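Everything on this sheet refers to the single structure shown next.
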Amino acid sequence: MSSPLIRTLGLGKSYDTAAGPFPALMGVDLDIDAGEFVAIMGQSGSGKSTFMNLLGCLDTPSSGDYFLVGRNVGHLGQDELASLRNRSIGFVFQGFNLLQRMTLADNVALPLVYAGVDREQRRQRAQQELARVGLAAYAESLPSRISGGQQQRVAIARALVNAPQLILADEPTGNLDSHTSEEIMRLFAALNGQGMTIVLVTHEADIAACARRQVRFLDGRIVSDVATPAEVLDEC
Amino acid sequence: MLKAMLGEAWRAMGANRLRTALTMLGMVIGVGAVVMMMAIGQGAQYAVAQTISTMGSNLYMLISGSTNAGGLRSGGGGGPSLKVADAEAIAELAGVSRVAPLHYGRQQLVHGANNWNATVVGTTPAYFDARSWSVSSGYPFSDSDVRSATRVALIGQTTADNLFGSDDPVGKTIRIQQSPFLVIGVLGKKGQNLDGRDQDDTVVIPLSTAQRKVFGTPFQGSVRLVMVQAASAEEMPAVERRMIDLLRQRHRLRDGQDNDFYVRNLTAAADSAAETTRVMSLLLGAIASVSLLVGGIGIMNIMLVSVTERTREIGIRMAVGARQRDILSQFLLEALIISVAGCLIGLLLGVAGALLVNAITDMVIVISGGSVLVAFGVAAGIGIFFGFYPARRAAALDPIDALRHQ
């Protein structure tokens with residue numbers, strides 16, 4: 001267990017714009033160990049979303065290296081990236097991103113379809129994960145029938161279903177009221193308590209306070225990286 | 001995996017039922033039109049082939065030259081140039097299987113109180129074989145009937161119906177030009193020839209009897225036509241050359257002098273009729289194919305719209321681990337389902353339409369397994385061809401852009 005779950009070395013990303021290349025991320029070095037709960041903070045334009053996309057293997061870096069479970073992601077092809085997203089990473093989005101035409105059980109089981117799991121197994125595991133987020137009774141409902149907080153819990157169940165090493169959450173509470181946000185954060189904290197590694201992006205300090213470690217981005221660089229004080233954590 | 005993808009496709013198409021149905025309609029009309037047009041075209045080909053087969057195969061017709069009596073020309077078949085002896089000589093040529101000299105004309109026939117005008121043909125028994133004409137009841141006359149000029153007759157179906165009604169004509173007597181003829185047989189039904197003339201409105205009698213009792217030709221032994229059947233289609237050109245050489249020699253024609261007879265290749269005429277219908281059916285198929293093409297473009301159009309509409313969905317799928325080829329096959333499968341389902345419905349409607357045409361117009365239709373298979377293959381091909389570009393576009397989407405899409 002010497003190597004961390006995530007290691008970035010001089011990670012950089014620049015986008016081609018009409019005014020020439022724009023550097024969104026400039027030489028980020030960060031290690032995240034298995035079992036950590038990290039909040040990535042920063043204003044819009046700070047590069048935190050770009051960093052998340054790179055961590056999530058949705059994008060490839062322009063410079064530097066990204067090692068996920070010891071593998072250098074920058075050298076992987078499209079299919080291998082898809083496979084990493086499928087097996088190693090679970091995504092939770094701000095807008096929930098459930099497929100509206102599918103039942104909640106089918107939504108949760110979606111990653112398993114691409115993992116080649118058979119139908120019966122898919123059904124069982126989806127049911128299991130829905131129970132874990134407290135929504136077993138809604139398995140055959142459509143997303144439009146449940147509340148935003150419930151939808152986000154379904155999205156978390158979907159992120160968990162293929163037993164990933166890492167959950168990446170991009171502003172998971174951005175579309176929720178404060179009460180529901182707390183519920184979601186408690187769920188994340190509970191998952192982290194069970195050993196799941198969680199990285200979440202947020203710009204809200206009280207949300208970030210629920211994570212054990214807070215990394216702050218500004219203009220494409222890390223400007224601070226601190227552990228959340230124990231007394232703040234307890235309030236969460 | 002495939003089952004899951006079929007379920008996906010079903011859900012996606014069910015979400016927009018009207019649009020799916022309209023897209024399918026394009027295929028339905030295209031395939032329906034192709035199947036129906038092919039059925040009608042092949043039916044026409046079949047009908048022509050049937051007519052041609054009643055004529056007899058590999059046939060030449062030799063026609064006597066015209067006469068010119070004081071400036072009044074008789075037209076082909078009016079002259080005495082062809083003789084029975086010519087026919088007998090041609091029969092000896094290599095590659096010739098049957099020769100039947102013919103004398104014919106329209107005559108009034110009488111039986112009891114009924115009378116009827118029909119074509120009377122005087123010929124030899126070879127005529128029945130050359131035209132592959134069977135006798136449906138009774139029996140044909142023989143060479144000895146021709147030698148002794150007996151007064152016997154075989155009558156066609158139409159003539160039989162008009163003179164005898166429902167009675168059996170065999171054994172009864174008809175009168176032609178005051179001479180009584182014993183009806184010894186009724187010929188099998190042949191229907192119309194290529195000109196639309198009824199081939200069954202005829203009486204066939206021995207050539208010698210026709211010359212002496214009915215037509216009374218002033219030139220002994222001359223005939224109007226000689227029907228020659230070659231042994232095979234390949235030998236026809238050689239047979240034609242040999243016949244012409246032989247006849248020119250027998251008629252003592254010098255080089256540079258015109259033939260005093262005409263040679264008609266009946267098979268060539270039939271072939272050109274068959275070719276005409278073949279081209280027509282090809283043309284019908286080609287026109288119908290255009291509608292199939294339009295149907296295919298309709299599928300492509302809708303799939304492109306669908307990809308745009310579902311960009312976010314594609315992003316989500318990619319985020320949870322769909323590979324490019326998963327997205328590609330998902331959209332391809334949808335296009336394929338639409339085109340194949342449309343094809344099946346089109347097939348049913350096309351066949352139903354063809355049967356309806358058949359019921360209303362009596363037009364012959366032929367629905368071959370081949371044309372059904374072709375329509376099916378083309379539809380599947382169109383699904384893949386026109387579905388590929390939109391599916392490719394979906395698969396090539398960048399996951400981040402797709403996820404941001406509203």
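What are the residues in region B:115-141 that are among the hydrophobic types (A, V, I, L, M, F, W, C), within 28 Å of the chain's Cα centre (by Cα) and outside any strand (DSSP E or B), if any?
Answer for region B:115-141, where residues must be among the hydrophobic types (A, V, I, L, M, F, W, C), within 28 Å of the chain's Cα centre (by Cα) and outside any strand (DSSP E or B): B:ALA126, B:PHE128, B:ALA130, B:TRP133.
If you check B:ILE287 against the conditions, is it touching a residue at least 12 places away in the same chain (Cβ under 8 Å), within 14 Å of chain A (Cβ to nearest Cβ) and not polar (S, T, N, Q)?
Values: touching a residue at least 12 places away in the same chain (Cβ under 8 Å): yes; within 14 Å of chain A (Cβ to nearest Cβ): no; not polar (S, T, N, Q): yes.
Criteria not met by B:ILE287.
I'm trying to understand the selection: among the residues of region B:191-203, which are at pLDDT below 85 and not acidic (Asp, Glu)?
Step one: filter region B:191-203 for residues at pLDDT below 85, giving B:191-197.
If the condition is that a residue be at pLDDT below 85 and not acidic (Asp, Glu), then B:GLY191, B:GLN192, B:ASN193, B:LEU194, B:GLY196, B:ARG197 are the ones that fit.
Determine which single condition A:GLY74 fails, assuming it passes every other condition in (1) in a helix (DSSP H, G or I); (2) within 14 Å of chain B (Cβ to nearest Cβ).
(2)
Checking B:VAL146 against (1) outside any loop (DSSP other than H, G, I, E, B); (2) in contact with a Lys or Arg (Cβ under 8 Å, 6 or more places away or on another chain): exactly one of these is not met. Which one?
(2)
When you look at B:VAL186, is it within 30 Å of B:ALA273 (Cα to Cα), at pLDDT 85 or above and surrounded by 20 or more Cβ atoms within 10 Å (Cβ to Cβ), yes or no? So that I can check it myself, show each step before the final result.
Numbers: within 30 Å of B:ALA273 (Cα to Cα): yes; at pLDDT 85 or above: yes; surrounded by 20 or more Cβ atoms within 10 Å (Cβ to Cβ): yes.
Considered against the rule, which asks whether it is within 30 Å of B:ALA273 (Cα to Cα), at pLDDT 85 or above and surrounded by 20 or more Cβ atoms within 10 Å (Cβ to Cβ), B:VAL186 comes out as yes.
Output the residue which, of all residues in region B:367-399 that are of a type in the set (A, V, I, L, M) and surrounded by fewer than 18 Cβ atoms within 10 Å (Cβ to Cβ), is farthest from B:LEU292 (Cα to Cα). Outline the logic, then answer.
Within region B:367-399, the subset of a type in the set (A, V, I, L, M) is B:367, B:372-375, B:378-380, B:382, B:384, B:391, B:394-397.
Applying the additional criterion that residues be surrounded by fewer than 18 Cβ atoms within 10 Å (Cβ to Cβ) yields B:373-374, B:380, B:384, B:396.
Values: B:LEU373: 15, B:VAL374: 12, B:ALA380: 11, B:ILE384: 14, B:ALA396: 28 Å.
Ranking the qualifying residues of region B:367-399, first place goes to B:ALA396.
Restricting attention to region A:90-134, and to residues there that are of a type in the set (Phe, Trp, Tyr) and in contact (Cβ under 8 Å) with a residue 60 or more places away in the chain, which single residue is nearest to the other protein chains (Cβ to nearest Cβ)? So that I can check it myself, show each step before the final result.
Step one: of region A:90-134, the residues of a type in the set (Phe, Trp, Tyr) are A:91, A:93, A:96, A:114.
Still in the running and in contact (Cβ under 8 Å) with a residue 60 or more places away in the chain: A:91, A:93, A:96.
Values: A:PHE91: 5, A:PHE93: 7, A:PHE96: 10 Å.
So, considering only residues that are of a type in the set (Phe, Trp, Tyr) and in contact (Cβ under 8 Å) with a residue 60 or more places away in the chain, the one nearest to the other protein chains (Cβ to nearest Cβ) is A:PHE91.
Hey, among B:GLY295, B:GLY285, B:GLY321, which residue is at pLDDT 90 or above, touching a helix residue (DSSP H, G or I) at 6+ places or on another chain (Cβ under 8 Å) and of a type outside the set (A, V, I, L, M)?
Numbers: B:GLY295 fails: at pLDDT 90 or above; B:GLY285 fails: at pLDDT 90 or above.
Going through B:GLY295, B:GLY285, B:GLY321 in turn, the sole match is B:GLY321.
From the list B:LEU253, B:LEU247, which one is in the same structural domain as B:ALA130 (by TED's automatic domain parsing), over 30 Å from B:VAL48 (Cα atoms) and free of Cβ contacts under 8 Å to residues at least 60 places away in the same chain?
Details: B:LEU247 fails: free of Cβ contacts under 8 Å to residues at least 60 places away in the same chain.
After applying the criteria, what remains is B:LEU253.
Output the residue which, of all residues in region B:361-406 that are assigned to a loop (DSSP other than H, G, I, E, B) and over 30 Å from A:PRO61 (Cβ atoms), is farthest from the other protein chains (Cβ to nearest Cβ). Lay out the reasoning, then the answer.
Applying the first criterion (assigned to a loop (DSSP other than H, G, I, E, B)) to region B:361-406 yields B:362-368, B:396-398, B:405-406.
Subsequent filtering for residues that are over 30 Å from A:PRO61 (Cβ atoms) retains B:362-368.
Working: B:ASP362: 51, B:MET363: 48, B:VAL364: 50, B:ILE365: 44, B:VAL366: 45, B:ILE367: 40, B:SER368: 41 Å.
Here the answer is B:ASP362.
Name, by its number, the condition in (1) within 14 Å of chain B (Cβ to nearest Cβ); (2) part of a loop (DSSP other than H, G, I, E, B); (3) in contact with a Gly (Cβ under 9 Å, 6 or more places away or on another chain); (4) not acidic (Asp, Glu) that does not hold for A:THR50.
(2)
Checking A:GLN151 against (1) within 14 Å of another protein chain (Cβ to nearest Cβ); (2) of a type outside the set (Phe, Trp, Tyr); (3) within 17 Å of A:PHE37 (Cβ to Cβ), which single condition isn't satisfied?
A:GLN151 satisfies every listed condition except (3).
Under 8 Å by Cβ, and 6 or more places apart or on different chains, what pairs join a residue from region B:7-28 that is over 17 Å from B:LEU304 (Cα atoms) with one that is surrounded by 13 or more Cβ atoms within 10 Å (Cβ to Cβ) and of a type in the set (Lys, Arg)?
Within 8 Å, the pairs are B:ARG11/A:ARG101.
Return the residues of region B:1-35 that are of a type in the set (Gly, Ala, Ser), within 14 Å of another protein chain (Cβ to nearest Cβ) and touching a helix residue (DSSP H, G or I) at 6+ places or on another chain (Cβ under 9 Å); say none if nothing qualifies.
Initial filter on region B:1-35 (of a type in the set (Gly, Ala, Ser)): B:4, B:7, B:9, B:12, B:14-15, B:21, B:26, B:30, B:32-33.
Right, trim to within 14 Å of another protein chain (Cβ to nearest Cβ) and you get B:4, B:7, B:9, B:12, B:14-15.
Passing the criteria: B:ALA4, B:GLY7, B:ALA9, B:ALA12, B:GLY14.
Each row is one residue, and each column tells you yes or no for (1) modelled with pLDDT under 95; (2) more than 13 Å from A:LEU166 (Cβ to Cβ); (3) buried (at least 17 other Cβ atoms within 10 Å of the Cβ).
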{"residue": "A:ASN53", "(1), (2), (3)": "yes, yes, yes"}
{"residue": "A:GLY56", "(1), (2), (3)": "yes, no, yes"}
{"residue": "A:ASP59", "(1), (2), (3)": "yes, yes, yes"}
{"residue": "A:SER63", "(1), (2), (3)": "yes, yes, no"}
{"residue": "A:GLY70", "(1), (2), (3)": "yes, yes, no"}
{"residue": "A:GLU80", "(1), (2), (3)": "yes, yes, no"}
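Going by what's in this entry, would B:ALA233 be described as hydrophobic (A, V, I, L, M, F, W, C), assigned by TED's automatic domain parsing to the domain that holds B:TRP133 and modelled with pLDDT under 90?
Working: hydrophobic (A, V, I, L, M, F, W, C): yes; assigned by TED's automatic domain parsing to the domain that holds B:TRP133: yes; modelled with pLDDT under 90: yes.
It is true that B:ALA233 is hydrophobic (A, V, I, L, M, F, W, C), assigned by TED's automatic domain parsing to the domain that holds B:TRP133 and modelled with pLDDT under 90.
Please go through region B:209-233 and pick out each residue that is buried (at least 17 other Cβ atoms within 10 Å of the Cβ) and of a type in the set (Gly, Ala, Ser).
Answer for region B:209-233, where residues must be buried (at least 17 other Cβ atoms within 10 Å of the Cβ) and of a type in the set (Gly, Ala, Ser): B:ALA210, B:SER222, B:ALA230.
The values are calculated or read from the model by the stated rules, or taken from the named source; none is laboratory data. In this text the structure is predicted, and so the values were computed from the model without any measurement. Methodologically, a virtual Cβ is constructed for each residue, glycine included, from the backbone with ideal geometry; neighbour enumeration extends over all protein chains shown.
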